[in-house]
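Take a look at the structure below.
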Amino acid sequence: MSTKKKGSNFKLLSLFLFLGTCVGDYGIGVGIGEGGVWVGGGGGGSPNSDPGSSPKQQTNPAYSALQSWKTAITEDPSGVLKTWVGEDVCSYKGIFCSGSSVTAIDLNKANLKGTIVKDLSLLSDLTILHLNSNRFSGQLPDSLRALSSLQELDLSNNRFSGSFPQVVLYIPNLVYLDLRFNGFTGSIPESLFSKQLDAILLNNNGFTGEIPGNLGSSSASLVNLANNKLSGEIPTSFGISGSKLKEVLVLNNQLTGCIPESVGLFSDIEVLDVSFNSLMGHVPDTISCLSEIEVLNLGHNKFSGDLPDLVCSLRNLLNLTVAYNFFSGFSSECSRISFGFDFVGNCIPGKGYQRPQPDCSVIPGGSLSCLRIPAQPLTCAAILGLKATSSSP
């Protein structure tokens with residue numbers, strides 16, 4: 001390079017250095033190369049960028065995921081996201097780490113408004129995602145199936161909508177699914193009850209259609225389908241595959257027909273609530289095989305006939321509700337119940353708080369035929385043998 005050219009470059013460099021002192025925090029980067037003087041932006045970045053960002057941070061998947069999510073959250077009344085600044089994502093409020101890996105997100109009751117972004121799939125070590133009681137809406141991105149470590153997903157009490165989020169069926173290690181109190185609609189996929197889950201909570205949505213026929217074969221101990229718009233009958237295969245269910249809640253739907261005899265296969269069940277439906281017919285004697293049941297709620301249906309002795313003699317029963325049906329009587333065993341027993345609003349002669357006689361003159365579903373099999377002990381021995389047979393390899 002000639003002496004004259006070097007002198008010219010030096011003058012230009014001096015000029016830009018002077019300008020750099022004038023622009024303050026925004027700064028200008030300058031240098032000299034074979035092509036002359038170059039000028040570039042300084043460290044100020046864009047007005048919306050994280051002031052703690054750096055080239056190193058931009059390659060950090062957890063940082064990228066959380067900053068992307070931050071931009072999709074439009075309201076943060078508690079100021080949670082004010083802490084989501086800088087390289088150390090483990091210092092962010094609601095973010096929990098093992099070493100330097102994000103393993104849990106707990107933003108329950110943060111009242112955040114926004115959507116779930118596809119970049120959350122970058123959190124490959126995430127095992128817990130709890131977002132209860134916020135205002136998240138929209139649908140779940142399909143990319144979340146990449147969360148191979150995720151075990152607990154709680155999206156309850158938000159504003160999610162659309163059909164059942166199919167992506168949850170492909171999260172391989174998920175064991176706890178909570179979608180309560182949202183706006184999901186449409187049918188519940190049968191494959192949900194084939195997935196190895198411990199708890200399935202879908203209550204207080206807008207699900208429609210019939211209960212999938214394989215409900216009873218679910219590995220879950222708790223299934224809550226209450227307060228939806230499910231219709232049709234309780235599946236006749238209810239419990240036939242040796243279910244581990246301990247709590248089944250299908251109250252406040254639009255179910256019809258009988259309680260299937262196979263209900264007795266749920267030998268480990270502790271809570272069964274089918275109230276506030278339109279179920280009819282008799283109560284199957286096989287309920288007497290539910291030796292572990294503590295709460296049985298048959299209220300606000302259209303059951304009729306006598307309430308069997310076998311039901312009232314269940315040894316672990318703590319609460320029995322048959323209110324607002326059309327039962328015409330119950331036996332001496334039921335009269336001796338010392339625990340919670342609500343039978344108001346029926347058609348039982350000589351008992352108080354029953355329906356007026358005109359309401360009892362025509363029994364709903366009186367012509368409905370429900371299969372009946374012999375009573376205890378033969379019933380329980382037979383169905384428990386069936387359960388053992390159906391559970392064997």
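The values are calculated or read from the model by the stated rules, or taken from the named source; none is laboratory data. Here the structure is a predicted model, which is why all the values come from computation and not from measurement. Every residue, glycine among them, receives a Cβ derived from its backbone with ideal geometry; neighbour counts consider all protein chains shown.
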Considering only the range 118-136, how many residues are under 15 Å from the mean Cα position of the chain (by Cα), outside any loop (DSSP other than H, G, I, E, B) and under 20 Å from Asp76 (Cα atoms)? 3
Within the range 290-314, take every residue that is over 30 Å from the mean Cα position of the chain (by Cα) and surrounded by fewer than 18 Cβ atoms within 10 Å (Cβ to Cβ) and give me the one that is farthest from Phe326 (Cα to Cα). Ser313
With the structure loaded, tell me whether Leu255 is crowded, with 20+ Cβ neighbours inside 10 Å, out of contact with any Asp or Glu (no Cβ under 6 Å at 6 or more places or on another chain) and either touching a residue at least 24 places away in the same chain (Cβ under 8 Å) or in the same structural domain as Ser237 (by TED's automatic domain parsing) (or both) or whether it fails that test. yes
What are the residues in the range 274-306 that are assigned to a strand (DSSP E or B) and over 16 Å from Gly340 (Cα atoms), if any? Ser278, Leu279, Met280, Gly281, Lys302, Phe303, Ser304, Gly305, Asp306
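One line per residue, one yes/no per condition, for (1) assigned by TED's automatic domain parsing to the domain that holds His300; (2) of a type outside the set (Ser, Thr, Tyr); (3) in contact with a Gly (Cβ under 9 Å, 6 or more places away or on another chain); (4) at pLDDT below 85:
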| position | (1), (2), (3), (4) |
| --- | --- |
| Ser335 | yes, no, no, yes |
| Gly340 | yes, yes, no, no |
| Val344 | yes, yes, yes, no |
| Pro356 | yes, yes, no, no |
| Cys360 | yes, yes, no, no |
| Leu371 | yes, yes, no, yes |
| Leu378 | yes, yes, no, yes |
Between Pro393, Pro349, which is modelled with pLDDT of 90 or more and loosely packed, with under 15 Cβ neighbours inside 10 Å? Pro349
Extreme residue, farthest from Ser275 (Cα to Cα), among residues of the range 342-368 that are touching a Ser or Thr at 6+ places or on another chain (Cβ under 8 Å) and not in a loop (DSSP other than H, G, I, E, B): Cys360
Quick check on this structure: which one of Asp142, Asp154 is of a type in the set (Asp, Glu) and either surrounded by fewer than 18 Cβ atoms within 10 Å (Cβ to Cβ) or not assigned by TED's automatic domain parsing to the domain that holds Lys109 (or both)? Asp142
How many of the residues making up the range 294-325 are among the basic types (Lys, Arg) and modelled with pLDDT under 90? 1
